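> I have a structure I would like to understand better, so I am pasting it below and will then ask my questions one at a time.
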Amino acid sequence: MQETRPASAEVLAPLTPQPDDDAYEAEHQRTLRRFFDDTTPDHERVRAALRTAGFDRMQRHTEQGLFSEYTAVKPG
């Protein structure tokens with residue numbers, strides 16, 4: 001087996017998009033924001049779904065101000 005050296009940045013540079021203007025960066029930020037908004041559930045909707053499923057004593061724990069963990073107890 002032969003060891004393969006990683007490609008250098010000079011080799012990969014032509015293959016990588018190079019944002020060189022503010023318009024590109026602004027569009028990239030809008031795309032990321034849309035993705036975040038589309039994939040992040042509203043906390044009240046999560047709580048409502050847990051209530052509808054019969055859970056109570058719901059708690060929400062956030063990690064690093066970004067991730068949410070929900071816990072609840074189902075009586076009975």
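> Only residues in the range 52-69 that are over 18 Å from Thr39 (Cα atoms) count as the first member; pair them with residues that are in a loop (DSSP other than H, G, I, E, B), Cβ under 6 angstrom, at least 6 apart or cross-chain, and list the lot.
Final answer for the pair search is Gly54/Lys74; Phe55/Lys74.
> Something else about it: For the range 47-70, which residues satisfy the criterion of being part of a strand (DSSP E or B) and not small (Gly, Ala, Ser)?
Asp56, Arg57, Met58, Gln59, Arg60, His61, Thr62, Glu63, Phe67, Glu69, Tyr70
> I'd like to know if the range 37-45 contains one or more residues that are of a type in the set (Ser, Thr, Tyr), loosely packed, with under 10 Cβ neighbours inside 10 Å and at pLDDT below 90.
yes
> Suppose the filter is at pLDDT 80 or above and either in contact with a strand residue (DSSP E or B) (Cβ under 9 Å, 6 or more places away or on another chain) or part of a strand (DSSP E or B) (or both); does Leu32 pass it?
So Leu32 does not fit the description; no.
The values are calculated or read from the model by the stated rules, or taken from the named source; none is laboratory data. Because the structure is predicted, anything quoted here is derived from the model rather than measured. Positions of Cβ are generated from backbone atoms using ideal geometry, with glycine treated the same way; all protein chains shown enter the neighbour counts.
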